[in-house]
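Encoded as structure tokens, the structure appears first; notes follow it.
The values are calculated or read from the model by the stated rules, or taken from the named source; none is laboratory data. Owing to the predicted nature of the structure, the values given are computational and were not obtained by experimental measurement. So basically every Cβ, Gly included, is an ideal-geometry build from the backbone, and we count neighbours across all protein chains shown. Protein only, heavy atoms only, side chains kept; ligands, DNA and RNA dropped before computing areas. Shrake-Rupley method; radii C 1.70, N 1.55, O 1.52, S 1.80 Å.
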Amino acid sequence: MTVNPPLCFSGKKILAPMVRVGTLPMRLLALDYGADIVYCEELIDIKMLQCKRVINGKYRISFEVLETVDFVAPNERVVFRTCERERQRVVFQMGSADAERALAVAKLVESDVAGIDINMGCPKEYSTKASMGAALLSDPDKIESILTTLVKGVCKPVTCKIRILPSVEDTVNLVKRIEKTGIAAIAVHGRKKEERPQHPVHCDVIKAISEAVSIPVIANGGSHDFIKEYMDIETFQKATAASSVMIARAAMWNPSIFRKEGLFPLKDVMQDYLKYAVRYDNHYTNTKYCLCQMLREQLETAQGKKLHAAQSTQEICEVFEMGDFYEETTAIFEAKKMSLETETQDEDDQMDDPDVIKMAVRFDKREYPPQITPKMYLLEWCRKEKHPQPVYETVQRPLDRLFCSVVTVAEQKYQSTLWDKSKKLAEQAAAIVCLRTLGVPEGKLSEGENHLINKRKREDQECLNNRDHGEDLAEPSHKKANFTEETSDTNVPR
């Protein structure tokens, strides 16, 4: 097994973290043009902790067709997408104000990235009101806690990105304290938190920091005053005495700023960007946003107006005369998807058990009274017939992340042929198959009188009568075990 050396932050040209810009297509394009390291856009720790790392399931398409690793939110939105091409050069930047949350996120992503960064410079309200970003600059104890926890808790190098404080002395003192946490490098945006791009970058403060610490200092903030072409990167580096340079807006406007040979024409850059956007199934709204940043003053041209009106990746491609590329690429993807689906169906067929009784049914809770389910009816029937309680075995299909359950009752297995979106629904469907095969009521509203409900009503009335006679009952009998569903101990693959 090859062990890659830790990421080095000296003598590097780096794509800065930029919200909505630093997604996979832009990062890959910057690497193509000569960037040494790329930072992803800031991602908030709480959002990331809701995500699952997915390389299969419904997103098997992402891994085997797109060849990506996705971190997917509960609403199925891809929050962070990466790939092997950048794995040794992408730094994951997060927004966090809590050491333990930061560590949990770092552990979630560390096998897929080259480094972890904490944003301590964002001055926007959405970040500072949650005590993240630039708000951390006024809480050195919290900074130390977060960075120390990360350095000790993960194997990848840890960095942070700050803005400068009102005085040079305070800034240098803070950076020296940060250095003691053991981080690998510190990126410094040479502006105060209340300053904006139109304000001059304070090269003298970055230089003072560079001379005060031994870890690499990454200079940031030179796009407006210094960096307009590749040779300007070195000028900014010398002015700040920094180890490396991090570029934001100049790279957003034209990522070929990283080319030693000079800038590419914007038309070529945008087409190169679109190829990655299509290739990696980037959401069209993000693609459109990044292209608008590149067009800038050309947004009022005919092409700019067409881009603004585009409502899909295909329409965006047509604006840039790339309709044929879009159709060819999506055709290739569809062919691969169909091949995967056939492959998975073959796997399902191989697992087919002829001894299992099957029906194509689903559980729709709207067809049942509140709190009454087929699983409850099946459990009661088993107890009445003196059978062991039902045993549910539930699996999750890799292709689409759907569930299927097999229930065993009296040594016979039952299963619905329809796959469901949750384990609970799949188990209810299996119970329905069993009940219908046995000719036993399943509790549907259409079945008329519901004996479980009647039984509950009778026992509730008994409780009330007993209380009227001074008897103290702890709880209604319908809350006892014989009217509750047994939870399955079967482990579901994740």
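Check off (1) in a strand (DSSP E or B); (2) over 19 Å from residue 16 (Cα atoms); (3) of a type in the set (A, V, I, L, M, F, W, C); (4) more than 13 Å from the chain's Cα centre (by Cα) for residue 65 and give me the number that stays unchecked.
Of the numbered conditions (1) in a strand (DSSP E or B); (2) over 19 Å from residue 16 (Cα atoms); (3) of a type in the set (A, V, I, L, M, F, W, C); (4) more than 13 Å from the chain's Cα centre (by Cα), the odd one out for residue 65 is (1).
In this structure, is residue 396 at pLDDT 70 or above and open to solvent by less than 50 Å² (accessible area, probe 1.4 Å)? Give the steps one after another, and end with the answer.
On the way: at pLDDT 70 or above: yes; open to solvent by less than 50 Å² (accessible area, probe 1.4 Å): yes.
Spelling it out, residue 396 is indeed at pLDDT 70 or above and open to solvent by less than 50 Å² (accessible area, probe 1.4 Å).
Quick test for you: out of 367, 380, 447, pick the one residue that is modelled with pLDDT under 95, outside the structural domain of residue 339 (by the TED database), in contact with a Pro (Cβ under 8 Å, 6 or more places away or on another chain) and more than 20 Å from residue 355 (Cα to Cα).
447
Could you check segment 5-49 and list, in sequence order, the residues that are more than 23 Å from the chain's Cα centre (by Cα), part of a helix (DSSP H, G or I) and among the hydrophobic types (A, V, I, L, M, F, W, C)?
None - no residue of segment 5-49 is more than 23 Å from the chain's Cα centre (by Cα), part of a helix (DSSP H, G or I) and among the hydrophobic types (A, V, I, L, M, F, W, C), so the list stays empty.
Can you pull out the strands (runs of 3 or more DSSP E) entirely within segment 82-193 that have at least 2 residues that are open to solvent by 40 Å² or more (accessible area, probe 1.4 Å), more than 30 Å from residue 67 (Cα to Cα) and of a type in the set (Ser, Thr, Tyr)?
none
Going through segment 195-206 one residue at a time, which ones are outside any loop (DSSP other than H, G, I, E, B) and touching a strand residue (DSSP E or B) at 6+ places or on another chain (Cβ under 9 Å)?
203, 205, 206
Could you list, ordered by first residue, the pairs with Cβ atoms under 6 Å in which the first is in segment 41-55 and within 13 Å of residue 104 (Cα to Cα) and the second is assigned to a helix (DSSP H, G or I) and open to solvent by less than 20 Å² (accessible area, probe 1.4 Å), at least 6 apart or interchain?
Once the first residue is within 13 Å of residue 104 (Cα to Cα) and sits in segment 41-55, its partners that are assigned to a helix (DSSP H, G or I) and open to solvent by less than 20 Å² (accessible area, probe 1.4 Å) give 45/102; 45/105; 48/105.
Those residues that are open to solvent by less than 70 Å² (accessible area, probe 1.4 Å) and assigned to a loop (DSSP other than H, G, I, E, B), I need them from segment 300-340; list them, please.
The answer is 301, 310, 312, 320, 322.
For residue 297, state whether it is open to solvent by 40 Å² or more (accessible area, probe 1.4 Å), acidic (Asp, Glu), at pLDDT 95 or above and part of a helix (DSSP H, G or I).
No; evaluated as a whole, the condition is false for this residue.
Identify the single condition in (1) touching a strand residue (DSSP E or B) at 6+ places or on another chain (Cβ under 7 Å); (2) over 20 Å from residue 168 (Cα atoms); (3) among the basic types (Lys, Arg) that residue 192 does not satisfy, given that it satisfies every other one.
(2)
Spot the failing condition for residue 212; the list is (1) of a type in the set (A, V, I, L, M, F, W, C); (2) crowded, with 17+ Cβ neighbours inside 10 Å; (3) under 21 Å from residue 166 (Cβ atoms), and only one is missed.
All conditions pass for residue 212, except number (2).
For the structure I just gave you, tell me whether residue 425 is out of contact with any Leu (no Cβ under 8 Å at 6 or more places or on another chain), open to solvent by 10 Å² or more (accessible area, probe 1.4 Å) and either assigned to a helix (DSSP H, G or I) or over 30 Å from residue 54 (Cα atoms) (or both).
Taking the combined requirement at face value, the residue satisfies it.
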